[in-house]
Amino acid sequence: MLDLFIDGIAAIATPDTLALMILGVIVGIIFGSVPGLTAVTGIALFLPVTYSLGPIKGMALLMAIYIGAVSGGLIAAILINIPGTPASVATCFDGTPLARKGQAYKALGVGTVFSFLGTIFGILILVFVSPIIANFALKFGPAEYFSVSVFALTLIASLAGKS
């Protein structure tokens, strides 16, 4: 498994792929910081750009746009109390009061640092846990799919309540 991880790092460590990732993060931050433009919008608009790229470069660009947009959503949430992305709603609760006290730089800095750390932590968990989950999911048969479907419908019905 470590060999696959090293091969993956080597595949994206080329200068042109890194340049695309930097561009993607910048574009993603712009999409995330404008309220109403989300990560999904950025990915949908840049999807035709990836047709001329290879699969590694295309996926790297789209992932960079997504990560940049989710992280960029905190800018609007802190400065104007409007979340740039749905993931930034909770940032409005603490970031905007801090910005109103004149500490917007501190709020933006803390938000950016912990967004980066959370992204790195999430990617590491994904890299090491997803093969285990995939092996488990490949063992599903018709009975398991039926059980998951019934569970999902039951969960939806219980959350809907009387509405």
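Bear in mind that the values in this text are calculations on the coordinates, not laboratory data. Note that the structure is a prediction, hence the values are computed from the model and not measured. Cβ coordinates were reconstructed from backbone atoms using ideal geometry, including for glycine residues, and neighbour counts include every protein chain displayed.
Connecting C-alpha atoms closer than 10 Å in a GNM of the chain, tell me which of Gly118, Gly54, Gly141 has the biggest fluctuation.
Greatest mean-square fluctuation among the candidates belongs to Gly141.
Can you compute the FRET efficiency between Leu138 and Ala19 using 1/(1 + (r/R0)^6), with r the Cβ-Cβ distance and R0 = 41 Å? Round to the nearest 0.05.
E(calc), rounded to 0.05, equals 0.65.
Per residue of the stretch 23-32, what does 6.51 cos²θ - 1.76 cosθ + 1.60 with θ = phi - 60° give for ³J(HN,Hα)? Whole Hz please, x for Gly and Pro, Karplus curve as stated.
Residue by residue, the stretch 23-32 yields 4, x, 5, 5, 4, x, 5, 5, 5, x Hz.
Tell me the mean residue ellipticity at 222 nm calculated for the chain from its helices only (DSSP H runs of n ≥ 4, each -39500 (n - 2.57), averaged over every residue, nearest 500).
Helix contribution divided over all residues of the chain: -26500 deg cm²/dmol.
List the longest stretch of the chain that has no exposed loop site; here a site is one of the trypsin sites (Lys or Arg not before Pro) assigned by DSSP to anything other than H, G, I, E or B, with at most 11 other Cβ within 10 Å.
That gives 1-100 as the longest site-free run.
I'd like to know which of Leu23, Gly8, Ala90 lies farthest towards the positive end of the charge dipole of the chain, counting +1 on Cβ of Lys and Arg and -1 on Cβ of Asp and Glu.
Checking the options against the dipole of the chain, the answer is Ala90.
Could you give the length gained by full extension between Arg100 and Val150, i.e. 0.36 nm per residue of separation minus their alpha carbon distance, to one decimal place?
Roughly 13.2 nm would be gained on extension.
Kindly write out, for the stretch 34-48 in residue order, the coupling ³J(HN,Hα) from the Karplus curve 6.51 cos²θ - 1.76 cosθ + 1.60 (θ = phi - 60°), rounded to whole Hz, with x marking Gly and Pro.
With coefficients 6.51, -1.76 and 1.60, one gets 8, x, x, 9, 10, 4, 5, 5, x, 5, 5, 6, 9, 4, x Hz.
Please work out the C-alpha center-to-center distance from the stretch 19-63 to the stretch 101-122 and express it in whole Å.
What the calculation gives is 21 Å, centre to centre.
Each residue of the stretch 111-119 in turn: what ³J(HN,Hα) in whole Hz from Karplus with 6.51, -1.76, 1.60 and θ = phi - 60°, glycine and Pro shown as x?
Residue by residue, the stretch 111-119 yields x, 5, 4, 6, 5, 5, 5, x, 5 Hz.
Match the structure shown to one of the listed values (1) 19.5, 58; (2) 14.6, 45; (3) 16.3, 48 of Rg and Dmax of the Cα atoms in Å, computed from it, and give that label.
The listed entry that was calculated here is (1).
What is the Cα coordinate range of the stretch 72-143 on the first, second and third principal axes, sorted by size from largest, in whole angstrom?
Result, largest extent first: 56, 23, 15 Å.
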